[in-house]
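Computed from the coordinates by the stated procedures, all read-outs in this text should not be read as laboratory data. Because the structure is predicted, anything quoted here is derived from the model rather than measured. Ideal geometry is used to build each Cβ from the backbone, glycine not excepted, and the neighbour counts take in all protein chains shown.
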Amino acid sequence: MQKKKRVLIVDDSAVIRGMIARMIQDEPDIEIVGSASNGQMAVQMYMRERPDLVLLDIEMPIMDGMEALKQIMQHDRSAKVVMCSTLTHKNAEISMQALALGAIDYLPKPESAREINASENFKQTLIRMVRSIAARGAGTSYSGGSGTSASPPAPPPTAHRPSTPPPSSTPPSTPRPAGDANTYTASSSPAPLASGQATPSSIPNIFKGEVTKRAKPPSNWVPKIVAIGSSTGGPQALFAALKPLKNLPVPIVITQHMPATFTALLAQHIFAQTGIECFEGAENMPIENGKAYIAPGGKHMLLRKGEDGRVVIKIDDGPMENFCKPSVDPMLRSTLAIYGSKTLGVILTGMGTDGLEGMRQLVDAGGYLVAQDAETSVVWGMPGAVSKAGLCSEILPVQEIGSWVYKIVTQ
C-alpha cells in the first residue's frame, strides 16, 4: 500500500484545527498525526512524530509560529513546513521571513471557521499542497542560499529601495540583438477541483518515459528577455537563481504563484537578496534592461507594445489558467508575441503543470529554456512537466541556473 502523508496541524484555535482536520482526514492517502495549539507543543510533537508536513499558524500563545519554525528547522533541515494564517500585510511580511528561514510555502487561511467550512477552493488547494509537498522524501528539498540558521533577510534600506517607475519614466535602453512527479503520475490523479475549474482529465499526462533534452542554444543566439515561472518553494529558488543575474543586459519577467500582498514584498526581498531592482508589475509600467518584474498576486501579468513602441506591462483580471492566477502561460504567450524566438525561459520548483504549454510554444517559436532539477526542487511538478516533455536545453540544480542564464545572455 502507498505510504500515507503524515500531517501535523498547528493553530491556537481548536475550531480552526478541527475544521482543517475534517477537510483532509477522510483522504485515504493522508494521516493527521497531531494537533497543537501553540509553537512549543508543535516542536515537541514534531520531534516525536516526524511528520511529512507541518501546517503552522503564525500568531499563537507561549511560542509563536516563527520561533517554532526556527526550532523545527534547527532540529531537522529537511522539515516541510507550510505557514497557514489569515492574509494580512503583517502576516505576509512574517511569512516572507519564514520562507527565507526554510518554510516551503504559504497558504492563506480564511478568517473564520465559517469561511473555512464554506471554502471548497481552500480545501482543494490544501489537499493538493499536502499531497505534492509531503510526497517529497526527507532530505530532498533545497534549503535556500542563506541556510536555515540565518536571520531573515532585511528589506532594503528605504533610501536605496527601488520605487515603482511611473509609465512616463525614461524609455528603456535597446536590448541586444525549456504537478509534482510524485503526485501527477500515470496511475494517479490530482485532487478534485473547485467548481468552475478545469477537470482532472484536462491535465496532460506528461510524466511518462525518460527525461530528454533538446539542443543547447547556439553560440550566435542571444535572447532579449528572460521569462521565469515558479510556485511552491519558489521564493528561495528565485533568490538563488537570480543572484548571478545582477546587471543583466535584458529584462526579467517573473510569475510566482502567490496571493496579493505577497508579491510586492517578494519584489523587495529579491532586491535585498540579489541587488536586482525588482518591481511588482503595474499597468503601463515599462520594462527595462537589468530589472525584474513580478506578476501581482491575484492577477495575470502580460506584456504589450505601448503607443510609443516601448514594451509595457498589462495587468489582466481574466479567469484562472492551470488553477492559477497569476499564471505562467499568459505571461509567456504575451512575451512570445513580442520577442518570439529571442525568449529564454526558466521553470523553477512548483506544484502542477503551469508553464508547460507556454514553454512548448516558446520552443516551437525558436526559443530555449532551462528547468530546475528534481533534487533541488521542493516540488518537481512544473519543472518536471517541461523536462519530461523534452522541452529543456538544460535541467540544472537551482544554484547553477543563474550562471547558465548569464552565460547565454552575454555570450
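One table, with the values for the structure above:
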read-out	value
Loop GluC sites (Glu not before Pro), the range 261-337 (other Cβ atoms within 10 Å of the site Cβ: 10 or fewer; DSSP)	GLU307
Compactness index (Cα Rg / 2.2 N^0.38 Å), the range 5-134	0.94
Sorted by Cβ density within 10 Å, fewest first, the residues THR349, THR263, THR410	THR410, THR263, THR349
Burial ordering of TRP221, TRP380, fewest other beta-carbon atoms within 10 Å first	TRP221, TRP380
Partners for LYS216 among lysines (Cα-Cα distance below 21 Å; same-chain residues under 8 apart left out)	LYS224, LYS342, LYS388, LYS407
